[in-house]
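Worksheet: the structure to be examined is printed underneath.
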2 protein chains.
Amino acid sequence: MAHYALTPFEFQCLRLSLSLSEEKAAELLKCSVAELQQWELGQLAIPELAEKKLLEIDDIIEMQVLNTCDSIEAMFKKEPKRRLAFVVYPTQALYTQYNPEFLSSLPLTELYNTAAWRIKKECKLVLEVDIALVPLNVESYKAFREQAGLGESRESRAKWAASQL
Amino acid sequence: MAHYALTPFEFQCLRLSLSLSEEKAAELLKCSVAELQQWELGQLAIPELAEKKLLEIDDIIEMQVLNTCDSIEAMFKKEPKRRLAFVVYPTQALYTQYNPEFLSSLPLTELYNTAAWRIKKECKLVLEVDIALVPLNVESYKAFREQAGLGESRESRAKWAASQL
């Protein structure tokens, strides 16, 4: 969407559509909450980099939604299921620990959650597939791995989440 | 999406995707902020009506996005424009005053803003049309109407917004 500058009102809409609080957006954009508020009130010009950052993240999430829905559609041709589980991370610490490869594109767990929710909506609408967003429970996940003799991996997490349905 | 109950995590994702703060969601759902927090933490069962209300609003917004994009596409066949203006309402008082017909379906200005933002995104993506969201400025709008000899109407507001581009 980055063809022209966003107005303060639109910048706020964009931030809210990413489910970012003022505090989280300030953390992401390396500014103070007071500065962010002044941008959104039109009292201070929005730095181009801040606008670019939020628009880029929105694009990354949209791309992730499209790619994930495509993968799920392809997978369903082989093994049709009505319901899928998708692991989400209830705290920033857990998100950071388990997803080091995502931190450069989607640094905050809130952004990952936004992506997960949009994937859930899109899969329901387009593929008629119900995706359950399952917050990672470390104790339960460890017990599951021990019992099943599994190492830590994205696949093991997906298996654990499926066992929670 | 209303085929099965949302988990507390999913309920929170839904609320945030509608750009509702805890306070605004509590106002909409006629509950206290403390209750809402307990629902989202899984400490208290989410009332079916509360879940239904948010899912219905999300559906209403999606429908509005589709309908508006269709109207814009149809309009563009007659008079192609690269840029359009869309009036939004900076306060609840202005939203209520100018949109009595929307109050039963989208009672809060935040929900109207969410719809407007999604319309902007969708039109950009699908139609390659830039929509500017223009917050209503009552003084400027009144001056515009006097100068142009226009009465108050949705159409006059749209004309004013277009004059602000």
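Accessible area per residue for segment B:8-163, computed on protein heavy atoms with a 1.4 Å probe, is 51 Å². Sites listed here are trypsin sites (Lys or Arg not before Pro) in segment B:20-54 whose DSSP assignment is loop and whose Cβ has at most 12 other Cβ atoms within 10 Å: B:K30. In chain B, the calculated helix contribution to ellipticity at 222 nm averages -19000 deg cm²/dmol per residue, counting -39,500 (n - 2.57) for every DSSP H run with n ≥ 4. With the simple model of a label 7 Å out from the Cα in the direction of the Cβ, B:I60 to B:E101 spans 1.5 nm. DSSP assigns beta bridges within the protein assembly as shown; of those with both partners inside it, close to 0 percent run antiparallel.
The trypsin sites (Lys or Arg not before Pro) of segment A:65-165 that meet both conditions, a loop assignment by DSSP and at most 16 other Cβ atoms within 10 Å of the site Cβ, are A:K81, A:R82.
Could you work out how far helix A:138-148 tilts from the main Cα principal axis of chain A, as a 0 to 90 degree angle to the nearest 10? Helix A:138-148 and the main axis of chain A meet at about 30 degrees. Taking both sides together, the accessible area buried where B meets A is about 2500 Å² for a 1.4 Å probe.
If you take the Cα centroid of segment B:15-80 and the Cα centroid of segment A:11-79, the two points sit 19 Å apart. Counting Cβ atoms of other protein chains within 10 Å of each residue's Cβ and taking the mean over peptide A:5-13 gives 5. Carbon-plus-sulfur fraction of the accessible area of segment B:25-133, 1.4 Å probe, in percent? Carbon with sulfur: 56 percent of the solvent-accessible area. Averaged over the residues of peptide B:128-134, the number of Cβ atoms from other protein chains lying within 10 Å of each residue's Cβ is 3. When the surface is traced with a 1.4 Å probe over the full set of protein chains, A:M63 keeps roughly 110 Å² accessible.
Pairs to check: A:K24/B:K81; B:K53/B:K142; A:K124/B:K120. Give those whose C-alpha atoms are more than 27 Å from each other in this structure.
Over 27 Å Cα-Cα: A:K24/B:K81; B:K53/B:K142.
Ordered from highest to lowest accessible area with the whole protein assembly present and a 1.4 Å probe, B:S156, B:S21 read as B:S21, B:S156. Among the residues of segment A:106-126, those with an accessible-area drop of 20 Å² or more from chain alone to full protein complex, heavy atoms and 1.4 Å probe, are A:N113, A:W117, A:K120, A:K121, A:K124. Computed from Cα atoms, the angle from the helix B:8-17 axis to the main principal axis of chain B rounds to 10 degrees.
May I ask you to derive the FRET efficiency for B:R154 and B:K124 from their Cβ-Cβ distance with R0 = 25 Å, giving the value to the nearest 0.05?
About 0.65, to the nearest 0.05.
One chain, two ends: B:D70 and B:A5. Fully extended at 0.36 nm per residue, the span grows by 20.2 nm beyond their Cα-Cα distance. Applying the criteria of a DSSP loop state and at most 11 other Cβ atoms within 10 Å to the chymotrypsin sites (Phe, Trp or Tyr not before Pro) of segment B:1-42 yields B:Y4.
The values are calculated or read from the model by the stated rules, or taken from the named source; none is laboratory data. All figures in this text were calculated on a predicted structure; none of them were measured in a lab. Note: ideal-geometry Cβ built from the backbone for every residue, glycine included; neighbour counts use all protein chains shown. These area figures cover heavy atoms from the full protein model, side chains too; ligands, DNA and RNA do not enter into them. Shrake-Rupley method; radii C 1.70, N 1.55, O 1.52, S 1.80 Å.
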